[in-house]
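See structure below.
Derivation of every value follows stated rules applied to the coordinates shown; laboratory data play no part. Because the structure is a prediction, the values reported are computed rather than measured. So basically every Cβ, Gly included, is an ideal-geometry build from the backbone, and we count neighbours across all protein chains shown.
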Amino acid sequence: MNAEKIRKDFPILSKGVIYLDNACQTLRPVQVIDKINEYYNDYPVCGGRSYHKLSKRVDEEVTNARRIIQKFFNAKKVQEIIFTRNTTEGINLIANSLSLQEGDIVLISDKEHNSNLIPWQILNSKGIKHEIFEFGNIEDFKSKLNSSVKLVSTVQTSNLDGTSQPVEEMIKLAHANGSLVLLDGAQSAPHKPVDVQKLDVDFFSCSGHKMTGPSGTGILYGKYSLLEKLKPFLVGGDTVEETTYEKCKFLPPPEKFEAGLQNYAGIMGLGEAVKYLSKIGMKNIIAHEIELNKRITEKLGNHEKIEIIGGLNAEERGGIFSFNIKNMDPHEVAIILDNSANIAVRSGAHCCHSWFNKHNLKGSVRASLYCYNTEEDVDKFVEEIEKVLLLC
Amino acid sequence: MICILTLVVFGVLAIFSASHRPLAKEAFECVFLRLTLRKCRTGLDTKVKSSIVGRIMGKSPFAAKITYKYFEVFSWVLVILMVASLAYSVYGGYNYSLYGNCYGPEEINAFCIYNALEGETFTELQTKVSGELEKPTADDDPYLGKDDAKVEIIEFGCYSCPYSRQAQSTVNEIVQKYGNQIKLVFRDFPIDTIHSRASLHAEAANCALEQDKFWEYHKKLFTEHELCTSAEENHLEHIVRLAQETGLNMKQFSSCLKERKYKEEVKTDFNDGIKAGVHGTPTFFINGRTIIGPKPIRAFEKIIDEELSK
Ligand SMILES: Cc1ncc(COP(=O)(O)O)c(C=O)c1O
């Protein structure tokens with residue numbers, strides 16, 4: 001993998017920014033931007049409803065994108081790929097469609113993004129409870145599994161510190177317990193190979209904009225047999241075969257979950273993004289990120305004023321270096337980096353307030369890497385952090 | 001503290017630019033919270049501080065460290081300076097409306113920004129006076145009013161300088177108002193370096209004095225518009241025309257002018273002015289107290305009345 005060559009596809013990188021906020025959103029290559037423009041320039045019409053040539057072209061392109069994504073995740077059927085707006089929408093879809101009953105339990109970890117916490121909190125009013133196990137702790141996870149646990153909904157790779165859970169093992173345990181598993185793949189899908197069949201995961205939600213796709217695009221994978229049984233979440237146009245004044249007949253998945261006119265340009269751009277990532281190779285991407293993360297960790301990891309979240313081992317943290325500087329507000333550090341050397345990092349609780357509250361932390365500074373980051377990027381980052389360390 | 005500064009800075013910017021309004025609003029909220037002894041929730045203080053430190057760090061890590069460490073102190077100092085300068089401006093504005101200068105009655109002539117606002121200033125000459133300043137005297141120069149009046153006003157003026165000309169209406173009002181209570185002496189201070197014919201005008205006025213028509217001619221010189229605007233070669237023409245209008249004996253006047261009879265006299269005036277510290281026109285000495293530039297009549301009245309009541 002050649003990061004220097006990849007960089008050339010990202011116009012904004014030539015403008016001098018050191019972009020280390022990839023866990024929030026990645027940048028987009030020209031290929032994706034061109035694809036979006038192609039839709040708007042050449043066939044900017046609705047798909048699915050009309051019979052003219054332009055509309056057929058849209059249908060083809062959407063199906064093509066779905067195929068690319070199916071292959072990327074090694075899903076059995078193309079119909080198992082549902083387009084959403086983001087990870088959050090995918091999780092909400094499952095939360096609302098799964099017909100959970102009073103007394104049912106949803107098991108989540110203690111390191112979930114708000115998007116995989118609040119949908120379950122909301123269900124509490126219907127008598128559906130959510131219970132918490134310690135992220136990555138198999139024993140704790142096992143001990144929480146019981147016959148009431150109908151769903152395990154948990155994050156594969158944490159956006160907070162980049163660490164991952166042994167999800168394959170957890171899925172096996174959950175299935176043995178008779179529970180379904182929904183994985184929040186927002187931070188795993190963009191960075192490493194995900195094989196949904198091999199994982200045997202039931203549902204998998206991720207965001208296009210975190211994997212070089214257009215903003216506001218997402219993917220929900222679900223096993224076809226399960227999707228068939230789910231009731232739709234958002235309903236309306238494009239979800240039904242036909243209607244009378246009293247009733248309707250829903251289309252099979254994925255259409256029954258894709259209500260209303262879709263974000264065609266986004267979907268096509270997302271297809272192109274996934275194609276782009278496939279070409280680079282997900283194994284290469286994670287290896288590259290770990291390489292760079294090791295470089296940062298070697299230089300900053302042992303500094304007395306730096307507290308890394310997620311441990312010293314860069315391999316466990318993938319592409320994320322999340323840390324605090326003693327006696328400094330994380331926002332302060334982020335704003336200083338931005339102003340001193342145009343380095344973009346994220347600071348705060350990264351939508352995992354619950355975890356930070358539990359650990360009595362205000363938040364952290366998070367540098368998150370991607371395939372286009374280089375050794376120069378991380379060296380500059382380290383250099384600036386070293387200067388910040390002298391401030392207090 | 002920094003929130004207050006931010007509020008003021010962005011508050012002013014917000015008047016002109018919509019994009020600064022949200023920040024001004026944020027600063028206002030922040031100040032409000034701080035005033036009510038709560039923590040600034042918006043994190044504006046952190047934002048401002050870190051942006052500044054970040055920018056400095058790009059240039060000098062050491063300066064950044066100092067700024068980071070003593071930021072609260074710096075912002076306090078800046079706020080105090082700001083409040084002080086604000087108070088000072090208000091005080092200056094008050095003085096200006098009263099005395100025509102920023103600093104109160106004692107320092108009528110110090111430079112004041114408000115003068116510039118009103119377009120008031122004086123024609124300045126760069127001079128260096130060595131040794132002690134000498135108090136100017138009336139010498140043998142022409143005067144209006146009473147010779148032994150209690151208040152003596154000595155004006156150093158220049159016929160061709162716009163500020164001297166501008167001051168004349170005020171001088172006329174003063175002469176009318178105070179009559180024989182004052183003695184108004186006019187002495188020449190021609191600034192030839194700026195107005196090339198200044199000395200010529202002064203000498204011409206002295207030629208009129210010789211024929212006892214100084215004040216009539218003086219008035220014409222000050223009010224004749226063309227004196228300042230006409231071309232060099234037409235200059236003499238105007239001076240002569242004004243002399244004719246004044247009813248001077250033209251033969252005597254012409255030879256007086258030609259001979260430059262009063263060249264030395266004018267020079268003496270000028271040198272006396274320099275010795276007295278005059279560095280621009282018009283400069284007035286009212287019983288030794290100076291007013292520089294065409295100040296509003298209030299400023300003159302204040303001093304004259306004080307001197308009269310002594
Ligand atoms: C682990 C994780 N889950 C969910 C989300 C929510 O993603 P989105 O905002 O795209 O729905 C994020 C985004 O930061 C994430 O990192």
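Against the empirical curve 2.2 N^0.38 Å, the C-alpha radius of gyration of region B:124-308 lands at a ratio of 0.99. What does the charge count around residue A:13 come to, taking other residues whose C-beta lies under 10 Å from its C-beta (Lys +1, Arg +1, Asp -1, Glu -1)? Once all neighbours under 10 Å are counted, the net charge is +1.
Measuring nothing but how far apart in sequence close Cα pairs (under 8 Å, 6+ apart) lie, relative to its length, region B:2-99 scores a relative contact order of 23 percent. Relative contact order of chain A, taken over Cα pairs closer than 8 Å and 6 or more residues apart, is 22 percent. Derived value for chain B: Kirkwood hydrodynamic radius 23.4 Å. Basis is the mean of 1/r over every pair of different alpha-carbon atoms. GNM on chain A, alpha-carbon springs under 10 angstrom: the most fluctuating residue among A:57, A:66, A:366 is A:57.
Pairs with C-alpha atoms separated by more than 30 Å, drawn from the list B:183/B:251; B:146/B:263; A:279/A:387, are B:183/B:251; A:279/A:387. For the cross-link pairs A:192/A:275; A:15/A:299; A:142/A:210; A:53/A:256; A:326/A:358; A:77/A:129, the ones whose C-alpha atoms lie over 22 Å apart are A:15/A:299; A:142/A:210; A:53/A:256; A:77/A:129. Spatially, region A:374-392 and region A:50-89 are offset by 42 Å when compared through their Cα centroids. In this calculation the C-beta distance from residue A:283 to residue B:9 is compared with R0 = 56 Å, giving a FRET efficiency of 0.60. Computed over the protein assembly as shown, the convex hull of the alpha-carbon atoms projects to a mean area of 49.6 nm². The listed peptides B:185-197, A:43-55, ordered by packing as a protection proxy, come out as B:185-197, A:43-55 (highest mean of other Cβ atoms within 10 Å first). Contact order for region B:259-310, expressed relative to its length and based on alpha carbon pairs under 8 Å spaced 6+ residues apart, stands at 21 percent. Simple spin-label estimate for residue B:223 and residue B:135 gives 3.5 nm between the two label positions (7 Å along the Cα-to-Cβ direction from each Cα).
Averaged over every viewing direction, what's the projected area of the C-alpha convex hull for region A:244-392? Give it in nm², one decimal, please. Dividing the Cα hull surface by four gives the mean projection, 13.6 nm². Computed from the C-beta positions of residue A:1 and residue A:383 and an R0 of 25 Å, the FRET efficiency is 0.55 to the nearest 0.05.
Here the Karplus relation 6.51 cos²θ - 1.76 cosθ + 1.60, evaluated at θ = phi - 60°, turns the backbone of region A:98-111 into coupling constants of 6, 6, 6, 10, 4, x, 5, 10, 10, 9, 10, 8, 8, 10 Hz, with x for every Gly and Pro. Spherically averaged projected area of the convex hull of Cα atoms, region B:225-310: 8.3 nm². Listed by Cβ neighbour count within 10 Å, with the fewest neighbours leading, A:285, A:280 appear as A:280, A:285. Counting every other Cβ atom within 10 Å of each residue's Cβ, B:254, A:109 order from fewest to most as B:254, A:109.
For region A:88-97, backbone phi angles converted through the Karplus equation (6.51, -1.76, 1.60; θ = phi - 60°) give residue-by-residue couplings of 4, 5, x, 5, 4, 4, 5, 4, 8, 9 Hz, Gly and Pro being listed as x. Computed from backbone phi, the HN-Hα couplings of region A:57-65 come to 4, 4, 4, 4, 5, 5, 4, 4, 4 Hz, rounded to whole numbers (Karplus: 6.51 cos²θ - 1.76 cosθ + 1.60, θ = phi - 60°; Gly and Pro given as x).
Specify the residue with the greatest mean-square fluctuation among B:257, B:248, B:23, computed from a Gaussian network of chain B linking alpha-carbon atoms under 10 Å apart. The residue with the greatest mean-square fluctuation here is B:23.
Using R0 = 60 Å, the C-beta based FRET efficiency linking residue A:14 and residue B:94 works out to 0.55. For the residues of A:325-335, the average number of beta carbons from a partner chain within 10 Å of their own beta carbon is 3.
Reported value for region B:2-99: 135 Å³ per residue, from the convex hull of its C-alpha atoms.
Using the Cα gyration tensor of region A:43-279, with a ≥ b ≥ c the square roots of its eigenvalues, what is the shape: rounded (a/c below 1.5), prolate (a/b larger than b/c) or oblate (neither)? Oblate. When B:31, B:266, B:90 are arranged by Cβ crowding within 10 Å, least crowded first, meaning fewest neighbours, the order is B:90, B:31, B:266.
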